[in-house]
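The values are calculated or read from the model by the stated rules, or taken from the named source; none is laboratory data. Only a predicted model underlies this, so the values are computations on that prediction, with no experimental measurement involved. Cβ: placed from backbone, ideal geometry, glycine included. Neighbour counts: every protein chain shown.
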Amino acid sequence: MLAMLFLLTIFFILNFALRITQVQNWVSKRVVKVINEDINGNVSLGEIRIKFPSDISLDDVLISSDGDTVIAASSIDINLLSGITSLIGGNANFDNIEITDAVVNVKRAEGAWVTNIDTIFQAIASPNDTMTSNGVSGTKQPVEFSAKHVILNNVRYINDDKAYGNHHDIFVPYGELSLESLDVLSNVLTLSRAYFKTPIAKMKTYPGVEPVYDGPEIHSDSIPPKLKIVAETMIVEDGIFEILNTKADKKELGPYQIDLNDMKLEEVQIEMADFSVRENDFYGSPSLISFKHPDGFILNGLA
């Protein structure tokens, strides 16, 4: 009985203390300080609001590397299924995450092996690991996250890969994700469902400068894996896709021909099962594809 009373007392003290603005500001500074000590980048946080035991709200989140913004968000609201204390173990089960006015800016320089976001997330995955131009060294510790509902409001993803000559710019005004797991070390994002409303995707390819390694022999498992996204179901509603391949030779087209290397598709509707993507390789089993080309070509309900 005394032990139960003690635990209840601690709970109410924490619940009251974490509602005080000064305490929350102190927690915010401590969190930022700890993270900055463990990652190859810099984190800043405008404000943190904690409602014990499971709700966290973050405002003006910024993660940068070498002076460049990698991740920025106006607000991130989080609800943890297993409570705030579960974060201590490195793994977390989220009930709801809502991300508003955010940008993810991924860059890889000419001839580089890794991107700016690789170095940050590998460090988050395990502070004992170190990311070098040749891969990861150190003792790996698995870190996984899951979330029942992820809401995206005005989220933009930019990937400028000068090593392989790819530039992707994807804007999602509204999206819903059911995140089964995010394995940071294996770089695998597994979704049971992904829904995107009126997304705008612009994809451009251009000649790049691939990395060349002339040092000692390295093992393939020391090279960080490329991000792989897997979705059991993927739905796109009223999207716009623009594709420009500057590597291809420009050709004269006839009146009923479409240049697949330079095209814009509107009113895109996609329903697809077993969707996966890793870098520029896309796979899936479509049950519905519709779109409209500005020149008048319409594909309606291909299944």
| message | As an exercise: evaluate M203 against (1) at pLDDT 75 or above; (2) crowded, with 18+ Cβ neighbours inside 10 Å and give the number of the one condition it does not meet. | response | (2)
| field | Residue check for F297: in contact with a strand residue (DSSP E or B) (Cβ under 7 Å, 6 or more places away or on another chain) and surrounded by 12 or more Cβ atoms within 10 Å (Cβ to Cβ) | value | no
| said: For the structure I just gave you, tell me whether G175 is over 29 Å from N96 (Cα atoms) and either modelled with pLDDT under 75 or among the small types (G, A, S) (or both). | reply: no
| task | Working carefully through the options V32, V27, V43, find the one that is aliphatic (A, V, I, L, M), modelled with pLDDT under 85, touching a Leu at 6+ places or on another chain (Cβ under 9 Å) and outside any helix (DSSP H, G or I). | result | V43
| request: Can you tell me which residue among D214, D221 is within 24 Å of the chain's Cα centre (by Cα), surrounded by fewer than 13 Cβ atoms within 10 Å (Cβ to Cβ), modelled with pLDDT under 75 and more than 22 Å from V104 (Cβ to Cβ)? | output: D221
| request: Give region 242-280 a look and list any residue that's touching a residue at least 40 places away in the same chain (Cβ under 8 Å) and of a type in the set (S, T, N, Q), or say none. | output: N245, T246, S276, N280
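Determine if region 271-282 includes at least one residue that is in a strand (DSSP E or B), exposed (fewer than 14 other Cβ atoms within 10 Å of the Cβ), modelled with pLDDT of 90 or more and on the phi < 0 side of the Ramachandran plot. Show your work before the answer.
Going through region 271-282, the residues in a strand (DSSP E or B) turn out to be 271-278, 281-282.
Going one step further and asking which of them are exposed (fewer than 14 other Cβ atoms within 10 Å of the Cβ), we end up with 273-274, 281-282.
Filter again for modelled with pLDDT of 90 or more, leaving 273-274.
Now drop any that are not on the phi < 0 side of the Ramachandran plot, which leaves 273.
Yes, region 271-282 contains a residue that is in a strand (DSSP E or B), exposed (fewer than 14 other Cβ atoms within 10 Å of the Cβ), modelled with pLDDT of 90 or more and on the phi < 0 side of the Ramachandran plot.
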| said: Tell me whether region 239-259 contains one or more residues that are on the phi < 0 side of the Ramachandran plot, surrounded by 16 or more Cβ atoms within 10 Å (Cβ to Cβ) and at pLDDT below 80. | reply: no
| remark: For region 84-103, pairs from a residue that is in a helix (DSSP H, G or I) to a residue that is at pLDDT below 70 and of a type outside the set (G, A, S), with Cβ under 7 Å and 6 or more apart or across chains, are I84/F52; I84/P53
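To keep it simple, each residue is scored yes or no on (1) modelled with pLDDT of 90 or more; (2) buried (at least 17 other Cβ atoms within 10 Å of the Cβ).
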position	(1), (2)
A123	no, yes
P127	no, no
G135	no, yes
V143	no, yes
D161	no, yes
I170	yes, yes
L185	no, yes
R193	yes, no
| query | Out of (1) buried (at least 17 other Cβ atoms within 10 Å of the Cβ); (2) modelled with pLDDT of 75 or more, the odd one out for E110 is which? | reply | (1)
| note | Of the residues in region 76-97 that are modelled with pLDDT of 85 or more and under 26 Å from D118 (Cβ atoms), the one that is surrounded by the fewest Cβ atoms within 10 Å (Cβ to Cβ) is I76
